Amino acid sequence: MSMTSADIRSLFLNFFAERGHEIVPSSSLIPGNDATLLFTNAGMVPFKDVFLGTEKRPYTRATSSQRCVRAGGKHNDLENVGYTARHHTFFEMLGNFSFGDYFKREAIQYAWQFLTDELKIPKEKLWVTVFEEDDEAYDIWAKEMQVPEDRISRIGAKDNFWQMGDTGPCGPCSEIFYDHGESVWGGPPGTPEEDGDRYIEIWNLVFMQYNRDSDGTLNPLPKPSVDTGMGLERIAAVMQDVHSNYETDTFVQLIGKVAELTGCEDLSQQSLRVIADHIRSCAFLITDGVMPSNEGRGYVLRRIIRRAVRHGHKLGVSEPFFHKLVPELVRLMGEAFPELAKAETQIVKALLQEEEQFARTVQRGLSLLEEAMQGLGEGDTLPGDVAFKLYDTYGFPLDLTADITRERGVKVDQAGFDAAMAEQRKRAQQASQFGVDYNAQVTATTETTFLGYQEVQASSKIVELFVA
Ligand code: ATP
Ligand code: MG
Ligand code: MG
Ligand code: MG
């Protein structure tokens, strides 16, 4: 019997607890200590101040399974969902952390030991990368862990040098990949085919060894630190001997429920996977206090819900269905996340309300889009004014329209959309010079909607507006 996701989670936490790490419960998806960050998108986020040295904890080693969302903001995997085997909007990141305690050697030893001794993954299935200048990490992998040199690659700063911000702690990374075998397309890290899904990154080790000051100088930290992250869903796929995260235990059950609710009998439909992905991020965002709205975090949530509703339509379901997935999600994840179970009623209510609201316009919007798409195909562009009408009249966030047209290889004219938006604002401003009350209200509505859209483009900026 292969390991369940729950087994892996506890095995990981216990492995590190036995090695002196404090088990720290997952924090909220809303970062408590960082107003510039849209969502908690990595295990290290709750420990940021500890790494910076401004917060002291009674331990120097920690381990956690942190809930993460990567939708909107700097890390945005929303566009990958439904297209890759390995990306979700919501996932759990298993991590071990050293705050000025152990460093590179131990971090690599622990990771290797956990994967090959504890989980018993065959060594020849694993590939590693190091930062191109990090000879120290290279030697530890090659000489001490005895990874054959043809399975170690040196990678540039884009993927293998991490920094917290423009200044502050930073350092080289080392990533561990699993080879899912020939039947899947893709090449090892560092090759042109690396974006395929054959070699999948499972674990990322970050060695925080410098402090970058404002003129860019890298000063060695007196006490270097370690931050690691391993996606639970990805390691579950490895342990359950399936290729895609969506074939792992939690997802299979969730997708089964989506299929039941939508009456879809073809389990290979991507829409089922997308909906299963989206219910997790939406339910957890609501758990952590986000509500659908036209700006900031709430607009990201609204966009994800509306994408899920649209996939329901694609499967032929026009009645609200998305909220009905919540009890199954609670059954699957409520034990690991008691806060989810506690928020169940609230989540159902918020989702149903949003589904009902969108239900009033979604069908007409889809028909309008279908009409506009007549005659368009691969490489064509949908006019910006159509995308704007869908946005303004039918509540289609721009990325929803783009998600639909992308399925047929059609792009959206973003510049035309922006121009239509600017034109609309100008009209609203001119109108406001006439009547006072009524037009003031129109302007306010337009303004809010506009901020929401801006968020798609530059979420960090919007978060500031949102939080301020
Ligand atoms: P990738 O290159 O595959 O997009 P990444 O380098 O962006 O991954 P990291 O930021 O290093 O990912 O995050 C640490 C780990 O978290 C990854 O090694 C992976 O196992 C997991 N992970 C990252 N993004 C996702 C996601 N969108 N869904 C599921 N797991 C993820
Ligand atoms: Mg990524
Ligand atoms: Mg990567
Ligand atoms: Mg990585």
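The values are calculated or read from the model by the stated rules, or taken from the named source; none is laboratory data. Model, not experiment: these values are computed from the prediction. Virtual Cβ from ideal backbone geometry, glycine too; neighbours counted across all protein chains shown. Quick note on the areas: whole protein, heavy atoms, side chains included, nothing else; ligands and nucleic acids left out. Shrake-Rupley method; radii C 1.70, N 1.55, O 1.52, S 1.80 Å.
Working note: Karplus 6.51/-1.76/1.60 with θ = phi - 60° gives the range 306-323 the couplings 5, 5, 5, 4, 5, 5, x, 4, 4, 8, x, 10, 10, 7, x, 9, 4, 4 Hz, where Gly and Pro are set to x. Each of the GluC sites (Glu not before Pro) that DSSP puts in a loop and that has at most 15 other Cβ atoms within 10 Å breaks the chain; the longest unbroken stretch is 56-132. Between H180 and Y199, I200, the built amide H atoms are under 5 Å apart, and every one of these is 5 or more places off in sequence or on another chain. Backbone geometry of the range 133-148 corresponds, through the Karplus equation with coefficients 6.51, -1.76 and 1.60 at θ = phi - 60°, to 3J(HN,Hα) couplings of 9, 8, 5, 4, 5, 4, 5, 5, 5, 6, 8, 8, 8, 6, 7, x Hz, x marking Gly and Pro.
With the highest mean first, a sort of the peptides 304-311, 426-433 on other beta-carbon atoms found within 10 angstrom per residue produces 304-311, 426-433.
Prolate is the label for the chain, because a/c, from the alpha-carbon gyration tensor with a ≥ b ≥ c as root eigenvalues, is 1.5 or above and a/b exceeds b/c. For the chain, the longest principal axis of the C-alpha atoms and the axis of helix 104-113 are separated by about 80°. Considering only Y199, G72, L221, whose Cα is most displaced toward the positive end of the charge dipole of the chain, charges sitting on Cβ of Lys, Arg (+1) and Asp, Glu (-1)? My answer, from the dipole projection, is G72.
Rounded to the nearest Hz, the phi-derived 3J(HN,Hα) couplings of the range 246-258 under the Karplus curve 6.51 cos²θ - 1.76 cosθ + 1.60 (θ = phi - 60°) are 6, 9, 7, 3, 4, 5, 4, 5, 5, 5, x, 5, 4, where x marks glycine and proline. For I155, the residues 5 or more places off, or on other chains, whose built amide H falls under 5 Å of its own are V130, F131, E132. Enter the angle in degrees (range 0 to 90, nearest 10) between the Cα long axis of helix 437-457 and the first principal axis of the Cα atoms of the chain, meaning the one along which they spread out most. Approximately 30 degrees, to the nearest ten. For the range 295-412, the solvent-accessible area with a 1.4 angstrom probe is 43 square angstrom per residue.
When only Cα pairs under 8 Å and 6 or more residues apart are kept, what is the percent relative contact order across the chain?
Values: 787 pairs, mean separation 62.1, N = 468.
Here the relative contact order equals 13 percent.
Computed over protein heavy atoms with a 1.4 Å probe, the carbon and sulfur contribution to the accessible area of the chain reaches 49%. The label-point distance for A35 and A341, in a model that sets each label 7 Å from Cα toward Cβ, rounds to 3.7 nm. Estimated at the nearest 10 Å², the accessible area of S318 is 70 Å² with a 1.4 Å probe.
Taking amide hydrogens as placed 1.01 Å from N in the peptide plane, the amide H of W203 sits under 5 Å from those of I176, each at least 5 positions away in sequence or on another chain. Kindly identify the range 97-204 as rounded, prolate or oblate by the Cα gyration tensor criterion: order the square roots of the eigenvalues as a ≥ b ≥ c, call it rounded if a/c is under 1.5, otherwise compare a/b with b/c, prolate if a/b is larger, else oblate. Oblate, because a/c is 1.5 or more while a/b does not exceed b/c.
Of I176, Q269, F131, which is farthest towards the positive pole of the chain's charge dipole, taken about the Cα centre with +1 and -1 on the beta-carbons of Lys, Arg and Asp, Glu respectively? Towards the positive end, the residue furthest out is Q269. Seen against the Cα atoms of the chain and their longest principal axis, helix 344-373 is set at about 60 degrees. The helix-based estimate of mean residue ellipticity at 222 nm for the chain, built from -39,500 (n - 2.57) per DSSP H run of four or more residues and divided by its residue count, is -14000 deg cm²/dmol to the nearest 500.
Decide, for the range 234-343, between rounded, prolate and oblate: order the square roots of the alpha carbon gyration tensor eigenvalues as a ≥ b ≥ c, take rounded if a/c falls under 1.5, and otherwise choose prolate if a/b is larger than b/c, else oblate. Oblate is the answer for the range 234-343, as a/c is 1.5 or above yet b/c matches or exceeds a/b.
Dipole orientation for the range 321-395: of the candidates L366, A350, V386, A350 has the Cα lying most toward the positive pole (charges on Cβ; Lys, Arg +1; Asp, Glu -1). This model, with +1 at the C-beta of Lys and Arg and -1 at the C-beta of Asp and Glu, gives the chain a dipole about its Cα centre of some 1120 debye. Only lysines eight or more places from K120 in sequence, or on another chain, were considered; those with a Cα closer than 28 Å are K104, K143.
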